[in-house]
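The values are calculated or read from the model by the stated rules, or taken from the named source; none is laboratory data. The model shown is predicted, which means the values in this text are computed figures rather than measured ones. As a convention, Cβ positions derive from the backbone with ideal geometry for all residues, glycine included, and neighbour counts pool all protein chains shown.
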Amino acid sequence: MNHDLRAAFLDSMASNSTSVHVVTTGAGNERFGVTVSACSSVCADPPTLLVCINTRSPANAAVAANGVFAVNLLNVAQRGIADTFAGRSASARPFDFSCCTVTAGALDVPLIDGAVAAIECRLVAQQTIGTHTVFFGEVVAIKRAPAAHMPLLYCKRDYGQFLAF
C-alpha cells in the first residue's frame with residue numbers, strides 16, 4: 001500500500017465536515033453502539049440510508065445478525081456520547097450505554113434520547129469493502145427532536161457546530 005497516498009486520503013477526508021452519528025442495535029443486555037461519520041441518504045423512494053462500520057467493531061457483526069439498527073444523529077451537547085461510542089472516553093467505559101438515556105424504538109433498537117433524529121432501519125443489503133462494511137437500511141420509523149436541537153459536527157478531527165453566515 002502507498003502510505004503517502006493513504007495519509008493524503010485521510011487528511012483530505014478529515015476536511016470533510018460531517019454529522020456525528022451513533023449506530024445502535026440489539027436490546028436488553030445485548031445492545032451495541034458505535035460512533036460513525038460515514039452515513040448518507042441513498043434515496044427517498046423508499047427512504048434508505050447507508051452507514052459504514054469497521055469490520056473489527058462488535059457492532060458490525062451485531063447489525064448483520066440483528067437485521068435492524070438505528071442511526072442516532074447526535075446534538076451539540078452529546079460530544080461525550082460520541083466519544084464513548086468511539087471508544088475514546090476518558091470518563092466512561094468504551095461503548096457503554098450508561099453514558100446516555102435510551103428508549104426502545106419500533107424495531108426494539110436503542111434510540112438515544114435528545115438526539116436530533118433517531119432513524120430506525122431494516123437492513124436490506126450490505127457490502128464489505130476493505131476495512132469497513134457498508135450497511136444499507138430501509139427507514140421504517142423516525143423520532144425527531146425539536147427544531148432547536150443543532151447537530152454535532154466533526155471536521156479537522158474535532159467537534160463543532162453549524163454557524164450560519
For region 51-69, which residues satisfy the criterion of being touching a Cys at 6+ places or on another chain (Cβ under 7 Å) and closer than 30 Å to L163 by Cβ? V51
Residue among A82, A64, A90 that alone is on the phi < 0 side of the Ramachandran plot, at pLDDT below 95 and out of contact with any Gly (no Cβ under 6 Å at 6 or more places or on another chain): A90
Based on this model, can you work out whether V51 counts as in contact (Cβ under 8 Å) with a residue 24 or more places away in the chain and surrounded by fewer than 22 Cβ atoms within 10 Å (Cβ to Cβ)? no
What about R79, is it out of contact with any helix residue (DSSP H, G or I) (no Cβ under 8 Å at 6 or more places or on another chain), farther than 23 Å from P151 by Cβ and touching a residue at least 12 places away in the same chain (Cβ under 8 Å)? no
Looking only at strands (runs of 3 or more DSSP E) that lie completely in region 1-107, which have at least 2 residues being over 24 Å from C155 (Cβ atoms) and more than 14 Å from the chain's Cα centre (by Cα)? 39-44, 47-54, 102-104
Kindly evaluate F135 against the criterion of being without any contact (Cβ under 8 Å) to a residue 40 or more places away in the chain and touching a strand residue (DSSP E or B) at 6+ places or on another chain (Cβ under 7 Å). no
Which ones in region 149-163 are of a type in the set (A, V, I, L, M, F, W, C) and in a strand (DSSP E or B)? L152, L153, C155
Does P151 meet the test of being more than 22 Å from V68 (Cβ to Cβ) and either at pLDDT 95 or above or surrounded by 11 or more Cβ atoms within 10 Å (Cβ to Cβ) (or both)? yes
Restricted to region 117-148, and to residues that are under 17 Å from the mean Cα position of the chain (by Cα) and not in a strand (DSSP E or B), which residue is surrounded by the fewest Cβ atoms within 10 Å (Cβ to Cβ)? T131
Name the one entry in S89, S98 that is of a type outside the set (V, I, T), without any contact (Cβ under 8 Å) to a residue 24 or more places away in the chain, surrounded by 14 or more Cβ atoms within 10 Å (Cβ to Cβ) and out of contact with any Pro (no Cβ under 9 Å at 6 or more places or on another chain). S89
What pairs come up if the first residue lies in region 1-23 and is under 29 Å from F69 (Cα atoms), the second is exposed (fewer than 10 other Cβ atoms within 10 Å of the Cβ), and their beta carbons are under 6 Å apart, counting only those six or more places apart or on different chains? A14/R157
